[in-house]
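One structure below.
The values are calculated or read from the model by the stated rules, or taken from the named source; none is laboratory data. Since we're looking at a predicted model, the values are computed, not measured. Methodologically, a virtual Cβ is constructed for each residue, glycine included, from the backbone with ideal geometry; neighbour enumeration extends over all protein chains shown.
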Amino acid sequence: MQTRDKKWGYLLVLSLIWGSSFILIKKALIGLTPLQLGALRILISGAFIFLAGFKTIKTIEKSQWKWLFASGLLGSFFPVFLFAFAETEIDSTIASILNSLTPLHTILIGVAVFKIASTTRQIIGVVLGFLGTCTLIGAGAQLNPNQNYMYAVLVIISSIMYAVNVNIIKRHLQDMKAITIAVGNFAAIMLPALIVLVFTGFFSRETFVIPELKMALFYVLILSVFGTALAKVLFNQLVQMSTPVFASSVTYVIPIVALIWGVLDGEYFNSVQGLATLLIFSGVYLVNKSN
């Protein structure tokens, strides 16, 4: 398969996986606290990633660990907690929409910090996608006036972290295998996640008598295996075979999947959001056309 076709294939698969993650977070929060959900997600994902590629850890050079640690914190550790807290107050659809700010931050950070060039067409594509995102947010705010949009800031912070992470991978970990990057990331963050989980009281008797706990753990298992472990490896490969901007443009398609799940779960969708969706697809096309 040609690299161009593989890029689009990875983009589609990641969009389906991550677009479904937001509804899974929403469902898991019924039986878990945000801290418990985030910590469990990291620990379960790390376990599966270690099973798949722990032997590759011996290929990591000492000088690379600082970048793997930074990538693990910014690309996995902090965002899983921030998204969990955000979805206690805002719809899963709105969270996925705000995540679409990542490509804009990727370009700004890539140019300002990592000196990675971006073309005029890419910038126009990102801006177009950003306008579509703003339209979706505005429409969502009208449909859900009682939501606390202060929590939306947590998703925006996560999108900035994702943008820094994708530039770190492209700039400093380009020659490392995707699975090795994932193993290094989780080797750095699993112990802190375990400490967080212990201090939440998850292992207390009170936790295991919660009626919704079994289903919540089921949702976390799916979220961890597919939404974090598998997606982490696929995304690292996508970054390496394309550009940071194209890889982060997956966040433009994610809201489409999340909106479908939201509608099925009783969230609202109107014609304005449909038009905004077209703007988002146009932005993805322009971003990719320049590659």
Q: Only residues that are over 16 Å from the mean Cα position of the chain (by Cα), at pLDDT 90 or above and buried (at least 18 other Cβ atoms within 10 Å of the Cβ): list them for the stretch 5-33, please.
A: 27, 28, 29, 31, 32
**Q.** Hits in the stretch 129-162 (condition: modelled with pLDDT of 85 or more and not aromatic (Phe, Trp, Tyr))
**A.** 131, 153, 154, 155, 156, 157, 158, 159, 160, 161
Q. Do we have any residue at all in the stretch 177-190 that's surrounded by fewer than 19 Cβ atoms within 10 Å (Cβ to Cβ) and closer than 25 Å to residue 29 by Cα?
A. no
Q: Select, from 228, 277, the only residue that is within 29 Å of residue 91 (Cβ to Cβ) and touching a Pro at 6+ places or on another chain (Cβ under 8 Å).
A: 277
Q) Given 174, 147, which one is within 20 Å of the chain's Cα centre (by Cα) and either without any contact (Cβ under 8 Å) to a residue 40 or more places away in the chain or surrounded by fewer than 19 Cβ atoms within 10 Å (Cβ to Cβ) (or both)? A) 174
Q) Quick one: how many residues across the stretch 230-258 are outside any loop (DSSP other than H, G, I, E, B) and more than 25 Å from residue 42 (Cα to Cα)? A) 4
Q | Qualifying residues in the stretch 259-291 (those that are surrounded by 15 or more Cβ atoms within 10 Å (Cβ to Cβ) and not in a helix (DSSP H, G or I)) - the one modelled with the highest pLDDT | A | 267
